[in-house]
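Visitor: Mind having a look at this structure? Questions to follow.
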Amino acid sequence: MWQRLKQWARLLKRDVATLWFAGRHPQTPWSAKVVAALVVAYAFSPIDLIPDFIPVLGLLDDIILLPAGIWLTLKLLPEPVIAECRQQAQLWLDTHRPKPQNYLAAAIFVALWILATWLIWRWLTH
């Protein structure tokens, strides 16, 4: 069972990298690019929708949301694009062990959390 979980985690990592490459592929439809950008940004974001310190729920968002987002994006991509981007992703993972960084996506997520916090504070104080 432990080996299956490790294999599943490796596939998730490869698929996130695949989406990263698919978001830059010229044959990727714009709708798939948008969804891919959101999924990759969420995967690389240090901020989760449900913080990890909340028992059980904090980990469920990573176990459910990330695979669901990957699945949805892969459904929006043409098969040749998926095959090419998976090859690129595997090659990239084999040569560069650290994951790609997207500072713009991180900044967007931080801004969204700040906005959400401000809106909740404003709603509670009025």
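All of the numbers you see were taken from the coordinates with simple rules; none came from a lab. Worth saying up front: this structure is predicted, and the values here are computed from it rather than measured. All Cβ positions, even for glycine, are placed from backbone atoms using ideal geometry, and neighbour counts span all protein chains on display.
Visitor: Hey, can you list the DSSP H helices of the chain whose Cα span along the axis is 27 Å or longer and whose average Kyte-Doolittle score is at least -1.0?
Guide: On the way: long enough: 2-22 (30 Å, -0.36); 57-76 (28 Å, 1.54); 103-125 (33 Å, 1.64).
Helices passing the filter in the chain: 2-22, 57-76, 103-125.
Visitor: Given a 10 angstrom Cα cut-off, can you work out which residue in L72, L49, L12 is the most mobile in a GNM of the chain?
Guide: L49
Visitor: Which Rg and Dmax, in Å, describe the Cα atoms of region 2-125?
Guide: When restricted to Cα atoms, region 2-125 yields Rg and Dmax of 16.0, 53 Å.
Visitor: So for region 2-125, taking the charge dipole from beta-carbon charges (+1 Lys/Arg, -1 Asp/Glu), which of T95, W2, P29 sits furthest toward the positive end?
Guide: Among T95, W2, P29, the one farthest towards the positive end of the dipole of region 2-125 is T95.
Visitor: How large is the dipole of the chain about the Cα centre if only Lys and Arg carry +1 and Asp and Glu carry -1, each at its Cβ, rounded to the nearest 20 debye?
Guide: Charge dipole, the chain, about its Cα centre: 220 debye, nearest 20.
Visitor: Additional query: What ranking do 55-66, 25-36, 115-126 get when scored by the average of other Cβ atoms within 10 Å per residue, highest first?
Guide: In decreasing order of mean packing, 55-66, 25-36, 115-126 become 25-36, 55-66, 115-126.
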